[in-house]
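Peer 1: Structure incoming, see below.
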Amino acid sequence: MAHDATDLRVRTKKFALQIINLYQNLPHSGEAQVIGKQVLRSGTSVGAQYREACRAKSPADFVNMMSGSLKELDETAYWLELLTEGEIVPALKIADLQKETDELIAIFVSSINTSKRNHPK
């Protein structure tokens, strides 16, 4: 499935807003707040880094910036796993967010691989 820059800009912003909503609705326990701040930071930075990648000056720059977004997505997936496996948030409550994280990871991996293939060093 093809994704253009505008779709991903909208999708990553929507993702950030979902992360913000999750954070706002976390329990007030210490561990929930610590993990919440981590997921808030990583989850909201994906879209910002993607926007930077859209302004990359070269294919290598694009791959580097997209890799940064991918790193943040992977970290977000980790924090979401801790929220559910640590029984802080019911798995069903964030299943859609975890699915979107996985889908975005797949899109970013594909985009990075395509760019590397089309612009070998």
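Here, each number is a calculation from the coordinates, and none is a lab measurement. It should be emphasised that the depicted structure is a prediction, and the values quoted were computed from it without experimental measurement. Positions of Cβ are generated from backbone atoms using ideal geometry, with glycine treated the same way; all protein chains shown enter the neighbour counts.
Peer 1: With +1 on the Cβ of every Lys and Arg and -1 on the Cβ of every Asp and Glu, and nothing else charged, how large is the dipole of the chain about its Cα centre, in debye rounded to the nearest 20?
Peer 2: Computed charge dipole of the chain: roughly 620 debye.
Peer 1: Same structure again: Provide the gained length on full extension for the span residue 119 to residue 29, in nm with one decimal, where the gain is 0.36 nm per separating residue minus the Cα-Cα distance. Working shown, then result.
Peer 2: Working: separation 90, 0.36 × 90 = 32.40 nm, distance 4.81 nm.
That pair, residue 119 and residue 29, stretches by 27.6 nm at full extension.
Peer 1: For a quick check of your reading of the filter: which trypsin sites (Lys or Arg not before Pro) in the stretch 1-62 sit in a DSSP loop and have no more than 13 other Cβ atoms within 10 Å?
Peer 2: For trypsin sites (Lys or Arg not before Pro) across the stretch 1-62 that sit outside H, G, I, E and B with at most 13 neighbouring Cβ atoms in 10 Å, the list reads 55, 57.
Peer 1: Separate question: Roughly what angle does helix 91-118 make with the longest principal axis of the chain, taking Cα atoms, 0 to 90 degrees, to the nearest 10?
Peer 2: Helix 91-118 and the main axis of the chain meet at about 10 degrees.
Peer 1: Short version: ³J(HN,Hα) in whole Hz for each residue of the stretch 17-23, in order, from phi by Karplus 6.51 cos²θ - 1.76 cosθ + 1.60 (θ = phi - 60°), x for Gly and Pro, what are they?
Peer 2: 5, 5, 5, 4, 4, 4, 4
Peer 1: Test of understanding: express the Cα radius of gyration of the stretch 44-114 as a ratio to 2.2 N^0.38 Å, with N the residue count. Numbers along the way, then the final one.
Peer 2: Details: Rg = 13.7 Å, N = 71, 2.2 N^0.38 = 11.1 Å.
With N residues counted in the stretch 44-114, Rg over 2.2 N^0.38 Å equals 1.23.
Peer 1: Return the aspartates and glutamates within reach of residue 93: Cα separation strictly under 13 angstrom, same-chain partners fewer than 8 residues apart disregarded; answer none if there are no such residues.
Peer 2: Counting by Cα, and skipping residues close in sequence, residue 93 has these aspartates and glutamates nearby: 81, 85.
Peer 1: Against the longest principal axis of the chain, how steep is helix 59-85, in degrees 0 to 90 to the nearest 10, with axes from Cα atoms?
Peer 2: Once rounded, the angle reads 20 degrees.
Peer 1: Right, another one. Any idea what the relative contact order of the stretch 39-121 is, in percent, if you count C-alpha pairs under 8 Å spaced at least 6 apart? Write out the running numbers ahead of the final one.
Peer 2: Details: 64 pairs, mean separation 27.3, N = 83.
Computed value for the stretch 39-121: 33 percent relative contact order.
Peer 1: How much length would be gained if the chain were fully extended between residue 106 and residue 85, taking 0.36 nm per residue of separation minus their Cα-Cα distance, in nm to one decimal?
Peer 2: 5.3 nm
Peer 1: Decide, for the chain, between rounded, prolate and oblate: order the square roots of the alpha carbon gyration tensor eigenvalues as a ≥ b ≥ c, take rounded if a/c falls under 1.5, and otherwise choose prolate if a/b is larger than b/c, else oblate.
Peer 2: Prolate.
Peer 1: What number, rounded to the nearest 500 deg cm²/dmol, is the helix-based mean residue ellipticity at 222 nm of the chain, given -39500 (n - 2.57) per DSSP H run of at least four residues and division by all its residues?
Peer 2: About -29500 deg cm²/dmol.
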